Amino acid sequence: MQPGTLTKLKTLALICLFTSFAGVLYQLISELRLDYNSILVGLPLGLVFGVLELFLFSKAEKRFRQWSFTKLLVFKALLYTAVIYIVTISLATMAGLFQGRKISELPAYMVSPSEQLGHVRFYALLNELFNEISQPVLQTKAEIYQYIGDEVVLTWSVEEGLEDSNCLKTFFLFRESLTRNSGHYFKHFGVKPEFKAGLHFGKVISAQIGGLKREIVYNGDVLNTASRIQNECNKYQRDFLVSGILMDRLKNKNGFLWECIDAVILRGKEKEMELYSVNDSHQLAG
């Protein structure tokens, strides 16, 4: 191997190390948490950047010398932007196609009189509520899967959802935040927002669909089941219902009070499912 090539490979390794470290810093600052995703994104970006700069652009050095500084700057800015987009989309696509994920799902809806507020103020309220749930989401390692009208659907990996009962804590952290800021919402919108949630556990497959508009979607019975559990909240006059399947994995966790509500046959199902109401004993004591 030629000395020049060896030097370029060492430089390439340093670039990959730097972009991986940059990915770690970015996730720590933007999400206040750290996992392997930051390195999985940073490493291939560094690899592509390094190959372009060290191996491809060096061969076109004579042509680049004929360009003005501004032209070269714009060209590289556009190229690197495209590289970042392509790499991140490719990683998301591969993860969606090849990685089946077990998740828990918490779809929550905010009860607000849209006709009373009018469409503009109603969606201004929704926007504030969706922003307010961001901090509980970050604190409990959840991911926002999608917004559906006045609902937000959250997911966790199995490990992160069960860790410290994160999938339960999101609900109570958000409710605590709404209670703390209820005066603000009443002053500006004339309402005190409330919400209900259904929580379930199961396996889904994530995949990319669509041609003109592409999207990563989850497919699996767990999504519909969680939504139907949520629909039972009004019937049983409870704010938070959890499936028995998930409760079995969480019942030994400290700090939560469980109440068996009923064994029901959800719409579209043949077998009964036990539903449990859950409360945070710390909030009740407070």
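A short reminder: the numbers here are calculations on the coordinates, not readings from a lab. Computed from a predicted model, the values in this text were never measured in an experiment. Ideal geometry is used to build each Cβ from the backbone, glycine not excepted, and the neighbour counts take in all protein chains shown.
In whole Hz, what ³J(HN,Hα) sequence does region 58-68 give by Karplus (6.51, -1.76, 1.60; θ = phi - 60°), x for Gly and Pro?
Residue by residue, region 58-68 yields 5, 6, 9, 4, 4, 5, 5, 5, 7, 8, 6 Hz.
Could you pull out the pairs from 203/271; 203/235; 169/235 whose alpha carbons sit more than 25 Å apart here? It would help to have the intermediate numbers written out before the result.
Details: 203/271 18 Å; 203/235 27 Å; 169/235 23 Å.
Violating the 25 Å limit, Cα to Cα: 203/235.
Using modelled amide H (1.01 Å from N, peptide plane; none on Pro or chain starts), what sits under 5 Å from the amide H of residue 266, excluding residues fewer than 5 places away?
Those qualifying (amide H under 5 Å, at least 5 residues apart or on another chain) are 273.
If you count, for each residue, the other Cβ atoms within 10 Å and average over each peptide, how do 138-144, 242-248, 70-76 line up from highest to lowest?
On the way: 138-144: 17.4, 242-248: 19.9, 70-76: 11.7.
Taking the mean over residues of other Cβ atoms within 10 Å, the ranking is 242-248, 138-144, 70-76.
Take the residue pairs 8/59; 141/269; 76/141 and return only those whose Cα atoms are more than 24 Å apart.
In this structure, 141/269; 76/141 lie more than 24 Å apart at Cα.
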